[in-house]
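In what follows, a structure is listed as structure tokens, so that the remarks can point back to it.
The values are calculated or read from the model by the stated rules, or taken from the named source; none is laboratory data. Note that the coordinates shown come from a computational prediction; the quantities given were computed from them, not determined experimentally. Heads up, the Cβs are rebuilt from the backbone with ideal geometry, glycines too, and the neighbour counts pull from every protein chain shown. Remember, those area values only see protein heavy atoms, side chains included, never the ligands or the DNA or RNA. Shrake-Rupley method; radii C 1.70, N 1.55, O 1.52, S 1.80 Å.
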Amino acid sequence: QGRLESQFNYQTMIKELTGLNVSNASLLDEGSTISEVVNIFHNYYKKKRNIVICSSNLHPQILDIIKTKCSVLDLELELFNFNDVNKEDILNYIEYYDENIMGIIFSYPDTYGEIYIPYDIIDLAKEKNILTCSNNDILSLVKIKSPGDLGIDISFGTSQRFGIPMWYGGPHPSFLAVNKKLLRLMPGRII
């Protein structure tokens with residue numbers, strides 16, 4: 001009973017901070033979580049789309065796992081620098097390949113600590129029915145705009161900032177929150 005209550009409290013905290021409808025409570029780390037995010041993309045479009053667009057400013061370990069996951073599922077991975085002043089390349093790519101793109105993944109704050117939110121890319125993705133995902137530092141969401149407020153479909157990251165320090169060992173519990181339309185595709189335990 002105590003464990004269920006703590007997991008329920010954890011889920012409630014994640015939902016409030018991310019501004020999304022559903023959260024789970026049993027993923028290990030950011031790496032395994034990004035793999036689950038790609039599965040959500042793949043299953044949401046019933047395997048009919050095959051391109052994932054990703055920010056090159058994600059943490060390197062996350063990028064490595066996305067590359068491996070896309071290779072295993074035979075998906076095309078396109079890396080772009082979302083912080084680039086000239087974003088016309090990304091927007092044009094989305095316009096041209098919109099029916100094949102299953103998801104767009106970026107991070108705020110990114111691996112360099114910069115908080116850059118690509119509003120125009122998020123808006124275009126909504127218009128073209130493309131899922132969006134953000135990698136977030138959970139503690140930063142206390143101060144900055146939540147993914148739910150931005151209209152992002154999926155938020156993930158490590159909750160290590162609220163738990164044991166990295167030098168104490170791992171893996172560190174990851175969080176994953178989604179909007180209601182993705183509830184049936186959500187991995188892990190939902191209480």
For segment 51-73: of the residues being hydroxyl-bearing (Ser, Thr, Tyr) and closer than 14 Å to residue 105 by Cβ, which is farthest from the chain's Cα centre (by Cα)? 56
Filter result for the condition that a residue is open to solvent by 70 Å² or more (accessible area, probe 1.4 Å) and of a type outside the set (Phe, Trp, Tyr), over 11, 1, 7: 1
Let me confirm something: among 191, 138, which residue is touching a residue at least 60 places away in the same chain (Cβ under 8 Å), surrounded by 15 or more Cβ atoms within 10 Å (Cβ to Cβ), farther than 26 Å from residue 75 by Cβ and over 14 Å from the mean Cα position of the chain (by Cα)? 191
Given 57, 39, which one is more than 17 Å from residue 153 (Cα to Cα) and either open to solvent by less than 70 Å² (accessible area, probe 1.4 Å) or of a type in the set (Lys, Arg) (or both)? 57
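Kindly check whether there is at least one residue in segment 82-93 that is under 16 Å from the mean Cα position of the chain (by Cα) and surrounded by 13 or more Cβ atoms within 10 Å (Cβ to Cβ). Even if it seems obvious, please write down each step before you answer.
Keep residues of segment 82-93 that are under 16 Å from the mean Cα position of the chain (by Cα), which gives 82.
Those still in the list that are surrounded by 13 or more Cβ atoms within 10 Å (Cβ to Cβ) too: 82.
Scanning segment 82-93 turns up at least one residue that is under 16 Å from the mean Cα position of the chain (by Cα) and surrounded by 13 or more Cβ atoms within 10 Å (Cβ to Cβ).
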Just to be sure before I move on: is residue 34 open to solvent by less than 10 Å² (accessible area, probe 1.4 Å) and touching a Phe, Trp or Tyr at 6+ places or on another chain (Cβ under 8 Å) in the structure I sent? yes
Hey, does segment 94-107 have a residue that's touching a helix residue (DSSP H, G or I) at 6+ places or on another chain (Cβ under 7 Å), under 18 Å from residue 155 (Cβ atoms) and surrounded by fewer than 16 Cβ atoms within 10 Å (Cβ to Cβ)? no
Out of the residues in segment 170-188 that are open to solvent by less than 30 Å² (accessible area, probe 1.4 Å) and over 13 Å from the mean Cα position of the chain (by Cα), state the one that is farthest from residue 126 (Cα to Cα). 172
